[in-house]
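Data first, discussion second: the structure below is written as C-alpha cells.
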Amino acid sequence: ISLKYQSSNNTGHSYLLTQKNSSWDSQSLLTNVFDSTEVEHQVHKSNGLTIYTVDGESATWVNGGVWYTLSNDADLNTEQLIDIAKSI
C-alpha cells in the first residue's frame with residue numbers, strides 16, 4: 001500500500017508512505033537494506049520502534065509484521081519524519 005500526502009498550498013511538496021508485509025525485525029531491516037547498499041543512515045529509537053533515517057530524506061522501520069518506508073519531498077526534517085513514524 002502506498003499513500004501520497006501532498007501539501008494543500010500548491011507548493012508541490014509531498015511525502016509518500018509505503019507499507020509492505022514483512023517478516024523482518026529491525027535487525028533484518030538493517031542487514032537487508034543498509035548493510036547491502038552501504039547507504040549512510042542514522043538510528044533512532046522511540047516508542048519501542050527502531051527508525052532508520054537517511055539525511056532527513058527518508059525513514060524506514062518495521063512494526064507488527066509491516067515494513068514502512070517514508071519518502072520525503074516535503075522539506076520535512078528528521079524529527080518530523082520520526083514523529084510521523086511514531087504516529088503510525
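Selection within the range 1-19: residues that are closer than 19 Å to Ser87 by Cβ and among the β-branched types (Val, Ile, Thr). The member of this set that is nearest to the chain's Cα centre (by Cα) is Thr18.
Among the numbered conditions (1) farther than 18 Å from Leu81 by Cα; (2) in contact with a Phe, Trp or Tyr (Cβ under 9 Å, 6 or more places away or on another chain); (3) open to solvent by 50 Å² or more (accessible area, probe 1.4 Å); (4) not hydrophobic (A, V, I, L, M, F, W, C), tell me where Ser22 comes up short. That leaves (3) as the condition not met. Per the conditions (1) within 22 Å of Gln80 (Cα to Cα); (2) open to solvent by less than 80 Å² (accessible area, probe 1.4 Å); (3) out of contact with any Leu (no Cβ under 9 Å at 6 or more places or on another chain), the sole criterion not satisfied by Ser28 is (1).
Every listed requirement among (1) out of contact with any His (no Cβ under 8 Å at 6 or more places or on another chain); (2) in contact (Cβ under 8 Å) with a residue 24 or more places away in the chain is met by Val39 save one, (2). Cβ separations smaller than 8 Å between residues 6+ apart or across chains give the following pairs from the range 63-88 residues that are at positive phi to residues that are surrounded by fewer than 16 Cβ atoms within 10 Å (Cβ to Cβ) and part of a strand (DSSP E or B): Gly65/Asn21. What do you reckon, is Ala59 within 11 Å of the chain's Cα centre (by Cα) and surrounded by 14 or more Cβ atoms within 10 Å (Cβ to Cβ)? Considered against the rule, which asks whether it is within 11 Å of the chain's Cα centre (by Cα) and surrounded by 14 or more Cβ atoms within 10 Å (Cβ to Cβ), Ala59 comes out as yes.
The values are calculated or read from the model by the stated rules, or taken from the named source; none is laboratory data. All of these numbers come straight from a predicted model, not from anything done at the bench. All Cβ positions, glycine included, derive from the backbone under ideal geometry; neighbour counts span all protein chains shown. Quick note on the areas: whole protein, heavy atoms, side chains included, nothing else; ligands and nucleic acids left out. Shrake-Rupley method; radii C 1.70, N 1.55, O 1.52, S 1.80 Å.
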